[in-house]
Amino acid sequence: MKKLAEVYVRAVGAYVPPRRVTNDELAQTVDTSDDWIRSHTGIGARHLADESVTTSDLAVGATKDMLKRHGIQLPEIGAIVVATSTQDYLGFPATACVVQEKLGLQVIPAFDISAGCTGFIYALEVARGLVATGTVPSVLVIGAEKLSAITDWSDRNTCVLFGDGAGCVLVQGGQGGEGEIVDSVLHAEGSGGSYLCIPQGGTSAPFDTAVPLQGHKLHMDGRAVYNFAVRVLKEVVDELLSRNHLVIEDIDWIVPHQANSRIISAAAKRLKIDQAKFFMNIEDYANTSAASIPIALREMEEQGLLKRGQRIMTIGFGAGLTYGGNLIIW
């Protein structure tokens, strides 16, 4: 049997639309306030894309940022995996294929993964498998979302939560490099699928002009999702620790999906650790779903927070209901 290669995160990149909308600005059109949003979510602002901007545009922006910052050439990309729930088109083609075309890349594998806010976690592990088995030499893993396009802006309980953006990493094989992906855990609880979904538009409930617009927008049972997220965040951390014979003190950073600061606070209490071990940037970007973790990694790198040899956990949870995590030695 062929020996699996070690797989590394070589580079990171991110892009958010230039339009930044603060809570105070949002309160001019929605019955809410900066105090309410901050106290309930930790969010202070979000970046929103113009109507003409697509999810693939955001993904290309993150890719170009990565290429420029790390001196990588396009031919070094061996495959593209895009984690998103806001594809450019329903069905065909995959947003990854659109990204491939816009980057001008030749024939390489390109496909999407839809696992909600856990999408980047899933995509990173899929990329690790493709590289480890020698199927491709490298994979561009992108988390990209234009959530403003599926948000019900009349629902003050959900519209304050989301933002647009994209983040990416380049995964490749090698030996003794920086950023080794050591382990991943992936889970799902389909029984909770209705807690976070778009009720109308799929094959089980096709678009119907007689159905109010709200049926075509994101719906969330906030309490159910909150309870799920707090529970599984701790479970994933514990599982990764147990599988790799580590204790929480061995972990330098936990980079969670940026959903809600209250979720992180509650999880930190259950884990009995200082919340400072969690990197948070939700105040500036809000919830960008599958894009939130790579955007956070890009910001951590820029701030000099990521040091060689650090053990980092990336933890995702969201629609599906899906959840999982990656253990990386930076």
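The values are calculated or read from the model by the stated rules, or taken from the named source; none is laboratory data. Note that the structure is a prediction, hence the values are computed from the model and not measured. For neighbour counting, all protein chains shown are included, and Cβ atoms are generated from backbone atoms with ideal geometry for every residue, glycine included.
Taking each residue of the stretch 136-165 that is more than 24 Å from VAL126 (Cβ to Cβ) and of a type in the set (Phe, Trp, Tyr) and looking for partners that are at pLDDT 95 or above and surrounded by fewer than 23 Cβ atoms within 10 Å (Cβ to Cβ) with beta-carbon atoms closer than 8 Å, six or more apart or interchain, yields PHE162/SER148. For the stretch 23-58, the candidate set comprises residues that are hydrophobic (A, V, I, L, M, F, W, C) and out of contact with any strand residue (DSSP E or B) (no Cβ under 6 Å at 6 or more places or on another chain); within that set, the residue that is modelled with the lowest pLDDT is VAL30.
Residue count for the stretch 70-110 under the criterion of being of a type outside the set (D, E, K, R), closer than 18 Å to GLY202 by Cα and in contact (Cβ under 8 Å) with a residue 12 or more places away in the chain: the result is 7. Under the condition of being buried (at least 16 other Cβ atoms within 10 Å of the Cβ) and either in contact (Cβ under 8 Å) with a residue 60 or more places away in the chain or of a type in the set (S, T, N, Q) (or both), the residues counted in the stretch 265-282 number 3.
Among the numbered conditions (1) within 18 Å of LYS102 (Cβ to Cβ); (2) in contact with an Asp or Glu (Cβ under 9 Å, 6 or more places away or on another chain), the only one that THR22 does not meet is (1). Return yes or no: is ALA266 within 20 Å of ILE142 (Cβ to Cβ) and either at pLDDT below 95 or out of contact with any His (no Cβ under 6 Å at 6 or more places or on another chain) (or both)? It is false that ALA266 is within 20 Å of ILE142 (Cβ to Cβ) and either at pLDDT below 95 or out of contact with any His (no Cβ under 6 Å at 6 or more places or on another chain) (or both).
Once the stretch 78-96 is narrowed to residues that are surrounded by fewer than 23 Cβ atoms within 10 Å (Cβ to Cβ) and of a type in the set (A, V, I, L, M), the residue that is modelled with the lowest pLDDT is LEU90.
If you go through the stretch 35-53 and keep only what is farther than 30 Å from LYS307 by Cβ, touching a Lys or Arg at 6+ places or on another chain (Cβ under 9 Å) and assigned to a loop (DSSP other than H, G, I, E, B), you end up with LEU48, ALA49, ASP50, VAL53.
Condition check for THR32 on (1) more than 25 Å from PHE317 (Cβ to Cβ); (2) part of a loop (DSSP other than H, G, I, E, B): one failure, at (1). The set of residues in the stretch 247-260 being assigned to a loop (DSSP other than H, G, I, E, B) and either in contact with a Gly (Cβ under 9 Å, 6 or more places away or on another chain) or surrounded by 15 or more Cβ atoms within 10 Å (Cβ to Cβ) (or both) consists of ILE251, ASP252, HIS257, GLN258, ALA259, ASN260.
Looking only at the stretch 180-197, residues that are among the acidic types (Asp, Glu) and farther than 14 Å from VAL232 by Cα come to 2 in all.
Taking the listed residues GLN100, GLN106, the one that is in contact with a strand residue (DSSP E or B) (Cβ under 6 Å, 6 or more places away or on another chain) and over 29 Å from TYR195 (Cβ atoms) is GLN100, with no other qualifying.
The one condition from (1) modelled with pLDDT under 95; (2) part of a helix (DSSP H, G or I); (3) not polar (S, T, N, Q) that LEU240 does not meet is (1).
Per-residue answers, yes or no, for (1) modelled with pLDDT of 95 or more; (2) surrounded by fewer than 17 Cβ atoms within 10 Å (Cβ to Cβ); (3) outside the structural domain of ILE282 (by TED's automatic domain parsing); (4) not in a strand (DSSP E or B):
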residue: PHE111; (1), (2), (3), (4): yes, yes, yes, no
residue: ALA127; (1), (2), (3), (4): yes, no, yes, yes
residue: VAL131; (1), (2), (3), (4): yes, no, yes, yes
residue: LEU140; (1), (2), (3), (4): yes, no, yes, no
residue: TRP153; (1), (2), (3), (4): no, yes, yes, yes
residue: CYS168; (1), (2), (3), (4): yes, no, yes, no
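So is ILE263 part of a helix (DSSP H, G or I) and of a type outside the set (Asp, Glu) or not? Yes, satisfied. Taking every residue in the stretch 10-23 that is within 7 Å of HIS47 (Cα to Cα) and pairing it with any residue that is outside any loop (DSSP other than H, G, I, E, B), at least 6 positions away or on another chain, the pairs with Cβ-Cβ distances below 6 Å are VAL16/HIS47; VAL16/GLY165; PRO17/HIS47; PRO17/ASP164; ARG20/ALA45; ARG20/HIS47; VAL21/ARG46.
Consider LEU218 carefully, then state whether it is aliphatic (A, V, I, L, M), at negative phi, in contact (Cβ under 8 Å) with a residue 60 or more places away in the chain and surrounded by fewer than 19 Cβ atoms within 10 Å (Cβ to Cβ). When the stated conditions are applied, LEU218 does not pass them.
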